[in-house]
1. Suppose a student asked you for the relative contact order of the stretch 401-560, using Cα pairs under 8 Å spaced at least 6 residues apart; what percent would you report?
2. What number do you get for the stretch 352-391 when its Cα radius of gyration is normalised by 2.2 N^0.38 Å, N = residues?
3. Return the long-range amide H neighbours of LEU323 (sequence gap of 5 or more, or a different chain), with a cut-off of under 5 Å between placed amide H atoms.
4. Please give the length that would be gained between ASP206 and ILE532 if that part of the chain were fully extended, namely 0.36 nm times their separation in residues minus their C-alpha to C-alpha distance (nm, one decimal).
5. At 0.36 nm per residue, minus the direct Cα-Cα distance, what do PHE285 and LEU8 gain on full extension? Give it in nm, one decimal, please.
6. Taking only protein heavy atoms and a 1.4 Å probe, what accessible area per residue, in Å², does the stretch 401-560 have with all protein chains in place?
7. Length gain on complete extension for the stretch LEU525 to PHE443, per 0.36 nm per residue less the alpha carbon to alpha carbon distance?
8. Set the Förster radius R0 to 25 Å, insert the Cβ-Cβ distance between ILE480 and SER549 as r into 1/(1 + (r/R0)^6), and round the FRET efficiency to 0.05.
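The values are calculated or read from the model by the stated rules, or taken from the named source; none is laboratory data. Please read these numbers as outputs of a predicted model, since none were measured by experiment. Cβ atoms come from the backbone with ideal geometry, glycine included; neighbour counts cover every protein chain shown. We work out accessible area using only protein heavy atoms, side chains counted, and drop any ligands, DNA or RNA first. Shrake-Rupley method; radii C 1.70, N 1.55, O 1.52, S 1.80 Å.
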Amino acid sequence: MDYGALGLSLLLSLVLAFILTRLKLSPIIAYLIGGILASTYLGVNFNSPEFSLITSLALNLLAFEIGTGFDLTKARELFTRAIFVALAELTLILIISYYTGLYILHLGSVGSTFLVLASIDTSTSIIYKLTEGKTIRDKDLLIAVASIEDIEVFFIYSVIVALGGNFSFIKITTVIIEVVVASMILYVFARFLFQRVLFSPSKVEDESIIILLPIALVFIFSYISSITGVPTTLTMILAGIAFSSVSGSEKVIKTIAPVREFALIFFFLAVGGLLKINESLIGFFVVSLLIISIKYFSFSTASWLTGTNFVQSYTNGIYMIPLSEFGIIVTLDALEEGVNVYTVYLISITVVIASSIIATVLVPRIQKISTFISEIYSRSRILPQLDSAIIWLNRTVIRQITPFSKSEITRASLRLIVIILLPFAIFPLFHRLSTFIPSNLGFLFYTIFIGESVIASLLLYNFSLSSMRIYYIIVGEIFIRIQKVKSRSFKEFWRRILDFAGIGSIFFLIFSSLFYLFLEMSSLLAYDPPLISFPIQLVSLVIIIIYISRRDFKKISKFSMYSRRKPSYKKVIKITSIAIQRYKKESDNNKEKEKILGIIHIRVK
């Protein structure tokens, strides 16, 4: 190692950090630029094995510290909300990024899927660093969403690996169950280890022992992560949550802070070092701005649609701009496996650096940005109405949805997920089978092509039908609850929307059908000739839209949902019984609280 070049790189980063802090900018920018200059001009590779220990320690310590900061009393409500935000964000990014990669950047179906991975995952380390020491109302939610994004990327990457022909729904389901079960076991093991085996940190005075404790723990749990298959970030957060219950945990985190800061400097230098300055940098930077815009819009809109007010949602979106290095890791791994995603690899590197720099510039000015968004909001006529309607929809309709409707929506949603994944499994399988057909039986190829098109049409029909079921269930719930609203203007606003629902149902049907058609065609056309597949799918689309739009969705008013078939009495009794038991449990808990409060009141007297 050239220690002279290393020393010069660190000195240059130090000077840049000092100048930027004077300009009230984050020193993270200095470390990123320092890494770029060091790798381009000084030949220092901060991604070499010599520095991998430090960068790994930085990420693991940070995730561990994030876990210790979670409030367990709010964890269930927090993660429930975070899951809805993350899934809504994933849907938007999947639609926008995938089609951007497919039809604008011409990356192909596999390359476009990797672009989705590069657009999803917010860097937990950078977001925590940017929000450190600041009072942010939704800070825990932002970090929870970023943690769930890690898991989303992990599972999507598993599906991409399956595109090579190893796909199996049983395998994917097994992986999901394994991760969930392993996470629960890991958390229980961590609680037992910290509370029953290890000594209490509050009784230790020597700082070296306190510093060594979390460092040893993160490497132990990193090894456990590699065995269990649970994502490392999630493992560290679970270990941190378990460690937070130990007496003296705050003392450990405070003592280890300088070590974490030291390691993070080398992490940011390593991220910057992935990019070398050349003539193609400007083009990749433009694409990076597009990806950052997609990420900001997707998270902010998802947060808004799931119940956060408009101004807060689009302000919080600024904190979610810095994208994780996970996109770099998975594309590099794909390149090593022989998948040609080199363009996405370069885009991933550029977007990580560009998003980090943009976020560090914008976050100190977050108050001014929030004021600007508020002005746009106050000047608009439609935004305040939409905002109040979305908040009412989440608080009154979604949270108080009937058990039967909730069950139907869950089943339909799971069906949609399976149908979305099926084209990426079935069509590659048919292609592999076609390789065994002898050349003198060429007519069988056309039979397979037509068969695939028929299967694609059936998938399109089922996707459109399931989408419409969800649509009519939600419209039914809104229609019933809007009758209880007292505000005439608010009622009138929702009535205009529901009146539009007659035409809106057709619009939603066309939109959902086109979305799935483009999705499955990207996989179908990779193997089949367009002259056969495209006309069949186009005719199928028209027939499906006409048939479903005329189909009679009978309303079951008791459960305020729409379905072709009524539920069985057995199912109705089961759902009603569960609802009564839950109500009884809540009632008993309330009585117990009232009794305790009564005792306290008597003692005070």
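1. Relative contact order comes out at 39 percent.
2. Working: Rg = 14.1 Å, N = 40, 2.2 N^0.38 = 8.9 Å.
Taking the Cα Rg and dividing by 2.2 N^0.38 Å, one obtains 1.58.
3. Those qualifying (amide H under 5 Å, at least 5 residues apart or on another chain) are SER123, SER355, SER356.
4. Working: separation 326, 0.36 × 326 = 117.36 nm, distance 7.48 nm.
Separation in residues times 0.36 nm, less the Cα-Cα distance, equals 109.9 nm.
5. On the way: separation 277, 0.36 × 277 = 99.72 nm, distance 2.71 nm.
So the chain would gain 97.0 nm between PHE285 and LEU8.
6. Details: 8640 Å² over 160 residues.
Accessible area per residue: 54 Å².
7. Numbers: separation 82, 0.36 × 82 = 29.52 nm, distance 1.88 nm.
That pair, LEU525 and PHE443, stretches by 27.6 nm at full extension.
8. Values: r = 23 Å, r/R0 = 0.94.
Efficiency at R0 = 25 Å is approximately 0.60.
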